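Colleague: Dropping the structure in here first, questions after.
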């Protein structure tokens, strides 16, 4: 009983960063709906679903239905390919966010008049 509790606890701990990232992306998309926020929410949401798939769904299916190694390998391969494209989506969205933030900061000093007391 103690072993299954610790296993479940460690599985839940591994999902916490994914949940925090998804919540941050939800907050960002609620403030600004742009291409970068859409890519970030797609990337973090599907990544969270894949984490749940890896940690809960696949172990349950392998234990309960006796999935063959070939079937489990094919599911993991498909999930890995999806994870690759989701990672690319998240990375592109993050790069766009960084690029937009840096470009917005370049225009910030031009909004103020020059200092006359130099």
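Colleague: It is to be established whether one or more residues within region 53-69 are surrounded by 10 or more Cβ atoms within 10 Å (Cβ to Cβ), assigned to a helix (DSSP H, G or I) and at pLDDT 90 or above.
Modeller: Yes, the conditions are met somewhere in region 53-69.
Colleague: Looking only at region 30-44, count how many residues are more than 9 Å from the chain's Cα centre (by Cα), surrounded by 13 or more Cβ atoms within 10 Å (Cβ to Cβ) and more than 15 Å from residue 101 (Cα to Cα).
Modeller: Of the residues in that region, 2 qualify.
Colleague: Name the residues in region 46-95 that are closer than 13 Å to residue 25 by Cβ and touching a helix residue (DSSP H, G or I) at 6+ places or on another chain (Cβ under 6 Å), would you?
Modeller: 46, 47, 48, 86, 89, 90, 93
Colleague: Mind checking which pairs have a first residue in region 1-24 that is farther than 24 Å from residue 40 by Cβ and a second that is modelled with pLDDT under 90 and surrounded by 12 or more Cβ atoms within 10 Å (Cβ to Cβ), Cβ under 6 Å, 6 or more apart or different chains?
Modeller: The qualifying pairs are 11/55.
The values are calculated or read from the model by the stated rules, or taken from the named source; none is laboratory data. Predicted model, so just to flag it, every value in this text is computed and none were measured. Note: ideal-geometry Cβ built from the backbone for every residue, glycine included; neighbour counts use all protein chains shown.
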